[in-house]
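The next block holds one structure in the form of structure tokens; read it before the comments.
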Amino acid sequence: MEKPRLDKYLWAIRQFKTRTQATEAIDGGKVRLNGDTVKPSRSVSIGDKFQIKTPAGRKTIEVTGLLDNRVAYPEAIKHYIDITPEEDKIQVSMAPSFYTGKRLSKTGHPTKKQRRDLEDFLNEAPADPDAGE
């Protein structure tokens, strides 16, 4: 079997959703081999250890088998070993997740209830302290 390209391998083992995303991550320095940046066209060999940085967190994998084509997840995990240090695994699970009360930007128009609440809030005039005199 011919050794696959790094971008194709990372896509095949489902570390990235598309091959383009894998290529962009490698070009952006998010994937390293022994601390050194690599190119997407680099051949993958059994025993290589890659550090991958994604929005979901950091991951370190060791190649145990080669794949040319994308396979189902249960099959894909048989071709690498996740050797991520425990502190990196914990860091991902401790990501902040709290509700601030604000609507997220670019989530569409407010609902009818949200609009009414906003109108009620804006139409409420503050009490005029001079009105009682």
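What follows draws every value from the coordinates through simple rules; no lab data is involved. Since we're looking at a predicted model, the values are computed, not measured. Backbone-built Cβ (ideal geometry, glycine too); neighbour counts: all protein chains shown.
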> So who's got an amide H within less than 5 Å of the one on Asp48, skipping anything under 5 residues away but keeping other chains? H placed 1.01 Å off N, in plane.
Replying inline: Val63
> Does region 6-93 come out rounded, prolate or oblate, given a ≥ b ≥ c as the square roots of the eigenvalues of its C-alpha gyration tensor, rounded meaning a/c under 1.5 and, failing that, prolate meaning a/b above b/c?
Replying inline: rounded
>> Need the list of lysines near Lys89 for cross-linking: C-alpha distance under 23 angstrom, and skip anything on the same chain fewer than eight residues off.
In response: Lys17, Lys30, Lys49, Lys53, Lys59, Lys78
> Between Asn34 and Ile81, how many nm apart are label points set 7 Å from Cα along the C-beta direction?
Replying inline: 1.8 nm
>> Need the full-extension length gain, Asn123 to Thr107, defined as separation in residues times 0.36 nm minus the C-alpha distance. One decimal, nm.
In response: 3.3 nm
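Report the GluC sites (Glu not before Pro) located in region 1-84 that are in a DSSP loop and have at most 14 other Cβ atoms inside 10 Å of their Cβ, or state none. Intermediate results must be reported in sequence, preceding the final value.
Values: sites: Glu2, Glu24, Glu62, Glu75; in loops: Glu2.
Of the GluC sites (Glu not before Pro), the ones in loops of region 1-84 whose Cβ has at most 14 other Cβ atoms within 10 Å are Glu2.
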>> What are the ³J(HN,Hα) couplings of region 14-21, residue after residue, when phi is run through the Karplus curve with 6.51, -1.76, 1.60 and θ = phi - 60°? Round to Hz, x for glycine and proline.
In response: 6, 7, 9, 6, 10, 5, 4, 5
> What list of ³J(HN,Hα) values in whole Hz, one per residue of region 28-33 in order, does the Karplus curve 6.51 cos²θ - 1.76 cosθ + 1.60 (θ = phi - 60°) give from phi, with Gly and Pro shown as x?
Replying inline: x, x, 7, 10, 10, 10
